[in-house]
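Accompanying notes for the structure given below.
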């Protein structure tokens, strides 16, 4: 790597712009050379570590060691039966510029003469873009930047134009990390679980087809509403909260909610750990909770309960008085007192607002679960889903609203997953840029 030489110029004139451009260009060139030098060195070091011998050393120095890869043809892994076989050139696109002619080591099997199938840590097969490009896309999309804006910035870094569809393809590849996250064991299960749904717009085929200008058959699409059911785990002893899973479904029917709850159960959120489940009054979701967690206390959100009471009023002029009386019920010291206050409320309002009284009676016991003995600290905190709304649901809605409509489940799933990853990192006090590094590592270790 050479040195940078810039002639002295009067910085008070227009020539300072030339100085700046020269300096930036020189820095980018040096950075690109340094990156190429480092990657070449790491690739050679990986082969040395795998063969357990230095270049030029006799094969016997490998002893009985086995390589972490295998022969492409015969499958043997004995390091002593492998030898270096030069290098082949490969180009790579990075945010520091294009690396032309990287020296990728080759290893050959001495038994059959075939090449070893090496999986390098610093280089992925058949990938034109390096991991720093993936990290740039992941960070920007998770920070709620648009695809076109990301494409412009990444294109400037690469030195050639990048389309929004290319960025979208990279975003969709993060679904591999989502699959691993969904299948991972929850080692420290929460004792409280909150469930709520976010509705968004998606595109779905109608079953009909149309012909475009090129004569190709295209499916006719229509806008449909879909819902993402979010599961928020809370640890009452520490106050910690993390989104532990989610599922995109067509509706909140029981059959649609069961896969999410069954998966949580398999991941470790079992009846033995879970003490309370909080949700709104959606019938299908409540039925699914009763099916998967029959012995866990179910708390129906008091806020949604009172909203239903207010919506069922005949005389909106008495709304304030009725809701104050209903709120008084939920300030009871225990379940017995809550039932007594419910009967008093019914005596006062049954004649003029029977629908409101009936709404309050419906599933009333589930709305006062927090007043019963629970192995949960500060149970009154969990009588509503308010812990989800401000810090969880609102940012997720904002993230989903970036797209007018999602054309695939993959796009919607990745958008929600990255928004959740950012929210969870924030709850742990971890900067999003550092969380991005971990996600890229997860993607790299699980990707093809």
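Values in this text are rule-based calculations from the coordinates and carry no lab data. Every value quoted in this text rests on a predicted model; they were computed, and no experiment measured them. So basically every Cβ, Gly included, is an ideal-geometry build from the backbone, and we count neighbours across all protein chains shown.
Quick look at the values:
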| read-out | value |
| --- | --- |
| The stretch 270-407: C-alpha pair distances exceeding 21 Å, % | 50 |
| Residues 311, 44 arranged by fewest to most Cβ contacts within 10 Å | 311, 44 |
| Label-to-label distance, nm, for residues given as residue 358 and residue 270 (7 Å Cα→Cβ offset) | 4.3 |
| Relative packing of 24-31, 173-180, which averages over residues the other C-beta atoms within 10 Å, highest first | 173-180, 24-31 |
| Volume of the Cα convex hull of the stretch 32-91, divided per residue and given in Å³ | 95 |
| nm² value of the averaged projected area, convex hull over the Cα atoms of the chain | 35.2 |
| Rounded FRET efficiency, nearest 0.05, which uses the C-beta distance separating residue 290 from residue 318 and R0 of 35 Å | 0.50 |
| Over the stretch 99-236, volume per residue of the alpha carbon convex hull, in Å³ | 266 |
| Value of D in µm² per second that Stokes-Einstein yields for the stretch 187-299, Kirkwood Rh from Cα pairs, at 20 °C (1.002 mPa s) | 136 |
| Computed Kirkwood radius, in angstrom, where 1/r is averaged over Cα pairs of the stretch 365-445 | 15.4 |
| 10 °C / 1.306 mPa s Stokes-Einstein diffusion coefficient of the stretch 1-127, Kirkwood radius on C-alpha pairs, µm²/s | 92 |
| Net lengthening on full extension, residue 169/residue 332 (0.36 nm per residue, minus Cα-Cα) | 53.2 nm |
| Principal axes of the stretch 381-426: Cα extent on each, largest first, Å | 38, 21, 15 |
| Inter-probe distance in nm under a simple model that places probes 7 Å from Cα toward Cβ, at residue 225 and residue 110 | 7.1 |
| Sites residue 251 and residue 398, calculated FRET efficiency, Cβ-Cβ separation with R0 41 Å, nearest 0.05 | 0.95 |
| Euclidean distance between Cα centres, the stretch 320-356 to the stretch 206-234, Å | 46 |
| Angle in degrees between helix 335-349 and the longest Cα principal axis of the chain, rounded to the nearest 10 | 60 |
| Extension gain (nm, one decimal) between residue 187 and residue 85, 0.36 nm per residue minus Cα-Cα | 32.2 nm |
| Contour minus Cα-Cα distance for residue 378 and residue 49 (0.36 nm per residue) | 113.0 nm |
| Sorted by Cβ density within 10 Å, fewest first, the residues 103, 80 | 103, 80 |
| Computed label-point distance, nm, for sites residue 212 and residue 438 using a 7 Å Cα→Cβ extension | 4.1 |
| Most mobile of 231, 369, 65 in a GNM of the chain (Cα contacts under 10 Å) | 65 |
| Cα long-axis angle, helix 131-142 against the chain (0 to 90 degrees, to the nearest 10) | 20 |
| Debye intensity ratio in log₁₀ form over the Cα atoms of the stretch 174-242, taken at each q of 0.13, 0.14, 0.16 Å⁻¹ | -0.65, -0.70, -0.80 |
| 0 to 90° range, to nearest 10: angle between helix 432-446 axis and the chain longest Cα axis | 70 |
